[in-house]
Structures are given as C-alpha cells and as structure tokens.
Amino acid sequence: MTVRRLPHDHGNHTLELLEHEPAQEAFEKASNTFQLISDPTRLKILWLLCHSEECVINIAAAIDMSSPAVSHHLRVLKQSGLLTSRREGKEAYYTLAKTPEADLVHKIVDSVFDMNCKV
C-alpha cells in the first residue's frame, strides 16, 4: 500500500477518504457506464426499458427511429450488461438487466426524469 501525502491539510479528511479509494478498474467500469448513458438515444431506450419489456419494433416506434438503428443501440447496451433479451418466435424482447450497474442506471433514470418506479 502506498502512503500518500497531500501538500496541504485543510482538515477535510481527504487522506482518510483515499484509504478507501476503489481500484482503477472500478473507475473505468463506472466511466464506461456513464459513457453509455450519455447518448440521448440510449438514454431514451433505457428510460423505456427500465419500466417495461419491449420488442425492437415497438422500441423503434416509441422513440421514432428505424429498427436497424435501435438494434445497434440495443446491441451496445446488451454487450455492456445493462440489458437482457429473450426470444419469443421471431421477436426479441429487451429489458433492463438485474445487475448492480443496471440497478444504478435505473435509479439515475428515475431520479433524472422524476419517476416513481415501483419495479
């Protein structure tokens, strides 16, 4: 463990805080999640899928975008672990994953858009 020294002691316990600093990988993972939700289209898709399960065609219609474009965003979100999908016949249905990162995204979406989600 590296002992850190700060040039100034302002009495705000920064050194004590730094003793609990997460690993660099945790910051990178959080940064990647924030990058995913910084895109307005993906945020709109996540807003919808935080509160429902939908097929690609309905998602595309709901956000007024082509199905191929929506499929691209869904693929990115699924690869990141924020979404899960299931197949029923020819349709693929998407919803928010049950992971800590997806739960955080759900809380962010509900907070930002002043939702009171019961899910």
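The values are calculated or read from the model by the stated rules, or taken from the named source; none is laboratory data. Just so you know, these numbers come straight off a predicted model, no measurement behind them. All Cβ positions, glycine included, derive from the backbone under ideal geometry; neighbour counts span all protein chains shown. When the accessible area is computed, the model is the full protein with side chains, heavy atoms only, and any ligands, DNA or RNA have been set aside. Shrake-Rupley method; radii C 1.70, N 1.55, O 1.52, S 1.80 Å.
Using a Gaussian network model of the chain in which every pair of alpha carbons under 10 angstrom is joined by a spring, one finds that among 87, 42, 75 the greatest mean-square fluctuation is at 87. Per-residue ellipticity at 222 nm, computed for the chain from helices alone with -39500 (n - 2.57) per DSSP H run of at least four residues, works out to -16000 deg cm²/dmol.
With contacts taken as Cα pairs under 8 Å and at least 6 residues apart, segment 1-91 reaches a relative contact order of 19 percent.
Annotation: extensible slack from residue 19 through residue 91 equals 21.0 nm (criterion: 0.36 nm per residue apart, minus Cα-Cα distance). Between 95, 14, 41, the GNM of the chain built on Cα springs shorter than 10 angstrom shows 14 fluctuating the most. Over the Cα atoms of segment 27-85, the radius of gyration divided by the Kirkwood radius equals 0.96; this is the Rg/Rh ratio.
Solvent-accessible area of the chain (1.4 angstrom probe, protein heavy atoms only): carbon and sulfur portion equals 54 percent.
Modelled this way, with points 7 Å down the Cα-to-C-beta line, the labels at residue 67 and residue 115 are 2.5 nm from one another.
Report, in degrees rounded to the nearest 10, the 0 to 90 angle that the Cα long axis of helix 24-37 makes with the longest principal axis of the chain. Between helix and principal axis, roughly 40 degrees. Rounded to the nearest 0.05, what FRET efficiency do residue 31 and residue 55 give with R0 = 25 Å and r taken as the Cβ-Cβ distance? Could you check? Result of the calculation: an efficiency of 0.20. For the chain, the solvent-accessible area of protein heavy atoms averages 72 Å² per residue (probe radius 1.4 Å; ligands and nucleic acids excluded). Highest mobility in the GNM of the chain, judged by mean-square fluctuation with C-alpha springs under 10 Å and restricted to 59, 37, 108, is found for 108.
Extending 7 Å from the Cα toward the beta-carbon at both residue 8 and residue 107 defines two label points whose distance is 3.2 nm.
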